[in-house]
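Notes follow once the structure below has been shown.
Laboratory data are not the source of any read-out in this text; all were calculated from the coordinates shown. If you're wondering where the values come from, they're calculated on a predicted model, not measured in any experiment. Cβ: placed from backbone, ideal geometry, glycine included. Neighbour counts: every protein chain shown.
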Amino acid sequence: MSVTHDFSGAEVLVVGASRGGIGAAIARAFRAAGAEVTITGVEESPVAADRDRFRYVQLDVCDGAAIEAYAARTQHLDILVNCAAITARGEEMAPDFFAKVVDVNLHGTFRTAAAFHTALKAGEGAIINVASMYAVFGSPKNPAYGASKAAVAQLTRSLAIAWAEDGIRVNAVAPGFIVTEQSARSRTDPDHVAAVNKRTPLGRWGAPEDIAGPVLFLASDAAKFITGTCLAIDGGYSIA
Ligand SMILES: NC(=O)c1ccc[n+]([C@@H]2O[C@H](COP(=O)([O-])OP(=O)(O)OC[C@H]3O[C@@H](n4cnc5c(N)ncnc54)[C@H](O)[C@@H]3O)[C@@H](O)[C@H]2O)c1
């Protein structure tokens, strides 16, 4: 991917970038654009390819005390990307698991945003939350995921208004079908893979790198009059 934005010297934190998926692609693109990038994940360490590339912090987004302790050590932050999420197709009608998915995907996003608010205010920074096209579509096999992502899009609008006076812009992206570990289970069904290709006007599944460019744009000065939006990145799937 060719990167035209210049983030030299910017402090970037990508929460949920340990598995080499969308978060990692975003982190790599910020690094290629000159930023100082820290990534987090629930695992002890990130995928091998990223071990020497980034500062890594193991951080459970359900652990408010740990997030606050980490944020308290951060004086200044330019960009926060909230990418951490879980889902399990067909398992989300169980109330306890439903609550867990919402805790990670929605409350986790709010916990990190709230904890880094002061540091972002210092940098007049930007937040980019990763929602999903399931923020809009019903998802019978993933009801908690869909509900949590709709709430992430809504939270994005509320925080955008609340923190505009602090100079902080808050936006979201809504990826469509992207080839990552999270979508691996659904991609074992060849009919599903083919159906997505057929319905998508651009004719294919997305790659994690397809998400990185729009995230850098939303974080950049080129988007300085954009706040509270949720940008679909889905090859046109949601308008077909
Ligand atoms: N893959 C897709 O097709 C797709 C589509 C739309 C949206 N998204 C969204 O994009 C984002 C990244 O997706 P991905 O496919 O790269 O996922 P992934 O499973 O590869 O990565 C998820 C990340 O979340 C972290 N995480 C999970 N539970 C956590 C917890 N309790 N505390 C802290 N971190 C935790 C993991 O450590 C990992 O870094 C997610 O928000 C996902 O919902 C993905």
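In whole Hz and in residue order, list the ³J(HN,Hα) couplings for region 119-129 that follow from phi through the Karplus curve 6.51 cos²θ - 1.76 cosθ + 1.60, θ = phi - 60°; x for Gly and Pro.
5, 6, 5, 4, x, 6, x, 9, 10, 10, 9
Loop only by DSSP, 16 or fewer other Cβ within 10 Å of the Cβ. Give me the trypsin sites (Lys or Arg not before Pro) in region 150-240 that pass, ordered by residue number.
On the way: sites: 157, 169, 185, 187, 198, 199, 204, 224; in loops: 185, 204, 224.
Loop-located and lightly packed - 185, 204, 224.
Which is the longest part of the chain that has none of the GluC sites (Glu not before Pro) sitting in a DSSP loop with at most 14 other Cβ atoms within 10 Å? Spell out each step's value before the answer.
Numbers: sites that count: 43, 44, 91, 124, 181.
For GluC sites (Glu not before Pro) (loop position, at most 14 other Cβ atoms within 10 Å), the longest site-free span of the chain is 182-240.
Give, to the nearest whole percent, the P(r) tail of region 1-93 beyond 18 angstrom, counting all Cα pairs. Working shown, then result.
On the way: 1969 of 4278 pairs.
In whole percent, the long-distance tail amounts to 46.
Any lysines with Cα under 27 Å of the residue 100 Cα? List them, leaving off those in the same chain fewer than 8 positions away.
141, 149
Provide the per-residue ³J(HN,Hα) series for region 194-203, in order, calculated from phi with Karplus coefficients 6.51, -1.76, 1.60 and θ = phi - 60°, each as a whole number of Hz, with x at glycine and proline positions.
5, 5, 5, 4, 5, 6, 6, x, 7, x
For the chain, what does the helix formula give at 222 nm: sum of -39500 (n - 2.57) over DSSP H segments with n ≥ 4, over the residue count, nearest 500 deg cm²/dmol? Provide the component values of the computation, followed by the final result.
Numbers: 8 runs with 85 residues, N = 240.
After summing the helix terms and dividing by the residues of the chain, the value is -10500 deg cm²/dmol.
Compute the helix-to-body angle for 22-32: its Cα long axis versus the longest principal axis of the chain, expressed 0 to 90° and rounded to tens.
40 degrees
May I ask for the net charge around residue 67, where only other residues with Cβ less than 14 Å from the Cβ of residue 67 are counted and Lys, Arg are +1 while Asp, Glu are -1?
Once all neighbours under 14 Å are counted, the net charge is -2.
Would you grab the residues whose amide H sits under 5 Å from the one on residue 129? Only those 5+ places off in sequence or on another chain, please, with H modelled 1.01 Å from N.
Counting only residues 5 or more places away or on other chains, the set is 82, 171, 172, 173.
Which residues does a label at residue 93 reach in region 157-200, if reach means a backbone N under 18 Å from a point 7 Å past the Cα toward the Cβ?
none
Find the centroid of the Cα atoms in region 72-148 and in region 180-216, then give the distance between the two in whole Å.
About 20 Å separates the Cα centre of region 72-148 from the one of region 180-216.
To make sure I understand the rule: partners must be lysines, Cα under 21 Å from the Cα of residue 121, and not fewer than 8 residues away in the same chain. Which ones qualify?
224
Mind checking which of 74, 109, 40 has the largest fluctuation in a GNM of the chain, springs on alpha carbons under 10 Å?
74
State the dimensionless ratio Rg/Rh of region 122-208 (Rg: radius of gyration of Cα atoms; Rh: Kirkwood radius).
1.08
Computed on alpha carbon atoms, what radius of gyration and Dmax characterise the chain, expressed in Å?
Using the Cα atoms of the chain, the pair Rg, Dmax is 16.8, 50 Å.
Please state the Cα pair-distance histogram of region 9-51 with 10 angstrom bins from zero: what percent is in each bin?
Pairs per bin, as whole percents: 34, 56, 10.
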